[in-house]
Each structure stands twice: as structure tokens, then as C-alpha cells.
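Engineer: Okay, handing you the structure first.
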Amino acid sequence: MSVLIAGCGDLGTEAGLRFAAAGHAVTGWRRRPDRLPAFIRGVAADLTGDLPEVPADTETVVFTPAASGRSEEQYRATYVDGLARLLDALERDGVTPRRILFVSSTAVYGDSDGELVDELTPTAPASATGAVIREAEELLHARRPDGIVLRLAGIYGPGRTRLVDAVLGGTAVVPSGPHPTNRIHRDDAAAAIVHLATAVPEPEPVYVGVDDEPAELGDVLRFLAAELGRGEPPTGGAPAARGGNRRLSNARLRATGFGFAFPTFREGYRSVLAGEGIRHP
């Protein structure tokens with residue numbers, strides 16, 4: 001099988017290496033293709049501009065966009081316009097892939113008062129950028145009703161150490177009220193991409209990509225402090241802001257037979273603290 005990864009950054013590269021290890025030919029589109037490892041054929045491409053020719057034998061397309069900034073305009077240029085350009089390029093070059101997967105975000109959900117959220121929960125983005133991502137999901141399903149959307153929660157892993165740095169720097173503060181958090185290790189996110197693209201005969205249109213345990217931020221910070229041999233962080237931070245108070249379920253992803261290497265933040269952060277893995281440039 002030939003795979004095209006459009007927007008081949010850290011996550012896309014990790015997924016690409018896993019596709020390649022499984023015997024698939026992988027092409028990665030990104031602005032700096034020279035940064036890709038040898039197992040991925042790099043092609044210079046900018047999702048906000050004209051796109052190169054799609055390999056004729058492409059059977060799977062993975063769209064893993066990363067906006068150049070946090071503004072609504074930058075998100076629209078990458079997520080909505082970039083996806084439209086990708087779909088147009090497929091039509092232009094007469095390529096009809098068997099499967100298209102869009103790596104989306106759980107930012108499409110709104111505030112749920114701490115209740116459990118899954119794929120059937122109505123979306124209600126609390127931010128302009130979240131609304132743009134939801135628009136991109138709708139665009140995919142309008143043009144490819146069989147497209148797959150994988151909504152990832154907060155990605156952590158090699159080189160993604162914001163909470164670790166906060167504990168080490170003494171700036172971590174435990175919220176004074178409920179502050180549920182949801183996350184997935186970069187490697188599990190990449191594995192989920194490969195799994196949904198290759199191992200699920202009749203995929204659902206949407207999956208939530210999150211580990212087994214929605215965890216209070218305070219519990220995560222106290223765990224990291226203990227692992228790092230630091231004192232317990234002080235309490236006094238604000239509880240979850242509106243739009244982030246939710247607990248995400250991975251039951252649908254689990255039901256496909258997917259297994260997590262890092263089922264909770266404990267296994268994942270222990271791997272990070274041990275220096276395992278690398279963040280791809």
C-alpha cells in the first residue's frame with residue numbers, strides 16, 4: 001500500500017515510520033522535506049499554496065495539518081483551505097484513495113460540565129479556531145462521506161514537556177477546583193492513525209483519540225512532582241475555563257481492537273522522563 005501524509009510534522013513522521021515498518025511505501029509532504037527520515041520520501045509542499053502531484057498509486061491519505069500560528073485566519077488557511085486544496089489535487093491527478101483520514105482535534109467540543117464526551121456528543125467549539133477545525137471536518141465528509149476523522153486530545157511525548165517543565169521550574173500550580181484533562185501520547189496517536197487506516201474494515205466517520213483515563217490536572221502535577229523528587233505543587237490555580245471542562249471517552253477506538261502502549265498519563269510520562277523516543281524535527 002502507498003501512503004501520502006500531507007503535513008508531515010512530528011506526528012505525521014512518527015505515523016509514517018510506522019507505516020513504513022509495516023511494509024508500506026510512504027510519501028511525506030512538508031515545507032522542509034529534507035528533515036524527513038530516509039524511510040519517508042519527502043516532497044516539498046505547503047498546504048496553503050499550490051500542491052505537488054499526488055503519487056498515482058496512493059491508496060491512503062493522512063491529513064495532519066499544523067497551522068503556522070494561532071489566529072483564525074491561519075487555521076482557516078491550513079485546515080479548511082488546505083484540505084480543500086488536497087481534495088482538489090486528488091481530483092486533478094485522478095487519484096481516488098481507498099481511505100482518507102483527517103487528524104482533527106477535540107477542540108471541536110464545548111464545555112460539558114465535567115461530563116463524559118464521545119463521538120455522539122454534539123460539537124460546540126468554544127473558540128474560533130475550534131470552529132474552523134469543525135468546518136474542516138464537515139468539508140471532508142461532504143466531499144468524502146467515507147472519510148475518517150480522528151479527534152486527538154492534548155498530545156504529549158518526546159519533546160512535549162510543558163507540564164514537566166512547569167514542575168521543574170516551580171511554576172506548576174494545582175487548580176483549586178475541578179480541572180479535568182485529556183491527553184494521548186504521541187506514539188499512541190501515531191499508532192491509532194495507522195490502525196484506523198489499515199486494520200479497521202468498516203471504520204466509523206469519527207473517533208476520539210484519547211487515553212484510558214481523563215485525569216484531574218492536579219493529579220498529573222502531583223504525580224510528576226513525585227516522579228521528579230520535587231515537593232508537591234501549591235494549590236490555588238483557577239479551575240477549568242469554560243470550553244475545557246470535559247472528560248473524553250475512547251470506547252469507540254478501543255472497540256476496533258486498538259491497544260494503547262501508554263493507557264494512562266503515568267506510563268506515558270514515565271517514558272518521557274526516561275528520555276525514551278525523540279521528537280521529529
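Engineer: Taking all pairs of different Cα atoms in region 83-172, averaging 1/r and flipping that mean, what Kirkwood radius in angstroms comes out?
Structural biologist: It works out to 15.6 Å.
Engineer: In whole Å, largest first, what are the principal axis extents of the Cα atoms in region 64-117?
Structural biologist: 47, 27, 12
Engineer: A further question follows. How would you rank His195, His24, going from fewest to most other Cβ atoms within 10 Å of each one's own Cβ?
Structural biologist: Final ranking by Cβ density, sparse to dense: His24, His195.
Engineer: Rounded to two decimals, what is Rg over Rh for region 113-270 when you use alpha-carbon atoms and the Kirkwood radius?
Structural biologist: 0.99
Engineer: Exposure proxy check: His141, His280 ranked by fewest other beta carbons within 10 Å?
Structural biologist: Going from least to most buried by this count: His141, His280.
Engineer: Sort Phe223, Phe265 so that the residue with the fewest other Cβ atoms within 10 Å of its own Cβ comes first and the one with the most comes last.
Structural biologist: Exposure proxy ranking, most exposed first: Phe223, Phe265.
Engineer: Among Ala189, Ala215, Ala38, which one shows the biggest mean-square fluctuation in a GNM of the chain, springs joining Cα atoms closer than 10 Å?
Structural biologist: Ala38
Engineer: A follow-up question, please. Based on the inverse mean of 1/r over its pairs of different Cα atoms, what is the Kirkwood hydrodynamic radius of region 159-243, in Å?
Structural biologist: 14.9
Engineer: Where the only charges are on Cβ atoms (+1 Lys, Arg; -1 Asp, Glu), what is the dipole of the chain about its Cα centre, to the nearest 20 debye?
Structural biologist: 520
Engineer: Which FRET efficiency value, to the nearest 0.05, do you get for Ala255 and Ala84 by plugging their Cβ-Cβ distance into 1/(1 + (r/R0)^6) with R0 = 35 Å?
Structural biologist: 0.65
Engineer: Taking each pair of distinct Cα atoms in the chain once, what is the resulting Kirkwood hydrodynamic radius in Å?
Structural biologist: Every distinct Cα pair counted, the radius reaches 19.4 Å.
Engineer: Here's something else I'd like to know. Could I have the simple spin-label model distance between Ala199 and Glu73, label points 7 Å from Cα toward Cβ, reported in nm to one decimal?
Structural biologist: Calculated label separation equals 4.4 nm.
Engineer: Another question about this same structure. Can you run phi through the Karplus equation (6.51, -1.76, 1.60; θ = phi - 60°) for region 18-23 and list ³J(HN,Hα) in whole Hz, with x for Gly and Pro?
Structural biologist: 6, 4, 4, 5, 8, x
Engineer: Another question, if that's okay. For an R0 of 22 angstrom, estimate the FRET efficiency from the Cβ-Cβ distance between Ala226 and Ala274 and round to the nearest 0.05.
Structural biologist: My answer for the efficiency is 0.90.
Engineer: Let's test this: bin the Cα-Cα distances of region 122-209 at 5 Å from zero up to the farthest pair and state each bin's percent.
Structural biologist: With a bin width of 5 Å, the distribution comes to 3, 11, 15, 18, 19, 15, 9, 6, 4, 1.
Computed from the coordinates by the stated procedures, all read-outs in this text should not be read as laboratory data. The model shown is predicted, which means the values in this text are computed figures rather than measured ones. No Cβ is skipped: glycine too gets one built from the backbone with ideal geometry, and neighbour counts run over all protein chains shown.
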